[in-house]
Amino acid sequence: MHDMIFERQNLDRYDHFQFPGVVPRTFIGAFINAVLAAPICLVFDSIYAPRVISLFICRAALAALSVYSLATFRFQVEKKFGKIVSACFAVICSIQFHLLFYCSRPLPNTYASIFVNFAFAFWLKEQYEVLFSILAFSAIVFRSELVVLAAPIFVSLLVLRKFSSFSAIVKVVATSVMVAILSLCLTISFDSFFWRRWLWPEGEVFYFNTILNKSSQWGVMPWHWYFSSALPRAMMGTLFLLPGGLMFTQRMRPFFFPVLAFICLYSFLPHKELRFIIYALPIFNCVCAVELGRLYINRNKECGDGKSWKDRLRSPKFFFRAAVTLVVFNVSATYGFTRVASTNYPGGDALILLHEMERHNVTAGLRPFVHIDVPAAQQGISRFLELSSPWRYSKREEEHDMDVYTHLITDKHRVDNFTAVITLYGLDVRSALMAPRRMSSMQQIKMRVFKRNDINKALVAPQE
């Protein structure tokens, strides 16, 4: 986004040529994001405002897109299940930390989830041709695993005889194939321009992650991990509303089980992350909202005379109060997750502090050359935080002579010929979640800024 807004046609200065990453990614999502944010970003840039403001603007634009897609899905929930369920859906989504967290993260999964939410809205409207067209586009451009989501949905529609005729099935398939071909042409032409070679980004990602199974280099989890860890963390207390929503409301089952099948099938891939199944949350939340709405409607009902403890424990009033307790728990847990997450990106803080620390030395003639290692780059450092000349930055991962740099941002404890000048602390996540009141005593070192000992030699730093 930074390069599209500020570098524009100057492709030579784009970050991905110097640091391409493991696999290429599409620029289409970033382009959409940049188009929305660029007018405001350029206004702030014209008055020489810090470019970190533009980062907030870009993230806000992406969050607005995500919220709009959820609101579109919610509108169809209201049409199908009523205003109470719709309101409950909004409440549940707003108190789930991970859903909100990913709404503004510029990841392929986030861009894909926006389109999936629109697709789910058409699923509720029973407009299947549009549903599969959107999924086809999203799978080809953003995340190929959406094919695994589309397949169970299609099979369930066949089993439930939702298609009016065989010609309707043929039309859906033909339209989806046509959209997939057009999407493939779009992403190849668009992304080949930015990468300066012919490629299909998501095709290379699929080959790397699935065919070669190299995604397992980033960790392997057991088959049940999505069910035993990811979903409980994502849904928290509202997960307990899921069984009731399925038991007492049959209308949600045709939507729930295909999405559940998607998670089961995707669980066979060894490397797992919550963001890979983030698309399932709106459907799961809708099931929970149906149950919460049912409990709200029956909130004043009693069982029997309501005097015995057995009648009270079986009464809808008791279950509604329990549901309210779960909602309150989610609010508290979301606050705790937010507190912890705010300490998990020390790389960005380190770079900002370094800029402030060396401001006077730069005026005196220092030409800082900063090396940013992989952990630092993954923990908050963005091109939006970089300053113009004489500041220079490198993210080279291969081993080379560190003495060419004036400063290092790293999670290492020591580096020869360098002295730590800034130390940033973060929270031990597991301990903090277990005892949030004692967060201040659970800090651990997360990031350091090192300064070269013979810094005087760096007044005129060598070019990389």
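The values are calculated or read from the model by the stated rules, or taken from the named source; none is laboratory data. If you're wondering where the values come from, they're calculated on a predicted model, not measured in any experiment. Ideal geometry is used to build each Cβ from the backbone, glycine not excepted, and the neighbour counts take in all protein chains shown.
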Note to self: Restricting to region 1-21, name every residue that is among the hydrophobic types (A, V, I, L, M, F, W, C), within 21 Å of the chain's Cα centre (by Cα) and not in a helix (DSSP H, G or I).
What the structure shows: Met1
Next item on the list: Have a look at Phe31, Phe118 and point out the one that is assigned to a helix (DSSP H, G or I) and without any contact (Cβ under 8 Å) to a residue 60 or more places away in the chain.
Entry: Phe118
Checklist line | Single unsatisfied condition, Met235 versus (1) on the phi > 0 side of the Ramachandran plot; (2) crowded, with 16+ Cβ neighbours inside 10 Å | finding: (1)
Notebook entry, point to check: Counting only residues that are within 20 Å of Ser394 (Cα to Cα) and without any contact (Cβ under 8 Å) to a residue 24 or more places away in the chain, which one in region 1-16 is surrounded by the most Cβ atoms within 10 Å (Cβ to Cβ)?
Noted result: Glu7
Next item on the list: Looking for whichever is out of contact with any Leu (no Cβ under 7 Å at 6 or more places or on another chain), modelled with pLDDT under 90, in a helix (DSSP H, G or I) and buried (at least 19 other Cβ atoms within 10 Å of the Cβ) here; the options are Gly347, Gly293. Which one fits?
Entry: Gly347
Next item on the list: Report yes if some residue within region 202-214 is closer than 30 Å to Arg8 by Cβ and free of Cβ contacts under 8 Å to residues at least 60 places away in the same chain; otherwise report no.
Entry: yes
Margin query: Tell me yes or no: at least one residue of region 191-212 is in a helix (DSSP H, G or I), loosely packed, with under 13 Cβ neighbours inside 10 Å, in the same structural domain as Leu269 (by TED's automatic domain parsing) and modelled with pLDDT of 95 or more.
Written below: no
Check: Which residues, taken from region 239-281, are β-branched (Val, Ile, Thr) and not in a helix (DSSP H, G or I)?
Finding: Thr249
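Here's the yes/no breakdown for (1) assigned to a helix (DSSP H, G or I); (2) out of contact with any strand residue (DSSP E or B) (no Cβ under 7 Å at 6 or more places or on another chain); (3) closer than 30 Å to Ile455 by Cα:
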| residue | (1), (2), (3) |
| --- | --- |
| Val331 | yes, yes, no |
| Thr334 | yes, yes, no |
| Phe337 | yes, yes, no |
| His360 | yes, yes, yes |
| Arg367 | no, yes, yes |
Check: If you take the residues of region 22-69 that are within 16 Å of the chain's Cα centre (by Cα) and either outside the structural domain of Phe208 (by TED's automatic domain parsing) or among the small types (Gly, Ala, Ser) (or both), which of them is surrounded by the most Cβ atoms within 10 Å (Cβ to Cβ)?
Finding: Gly29
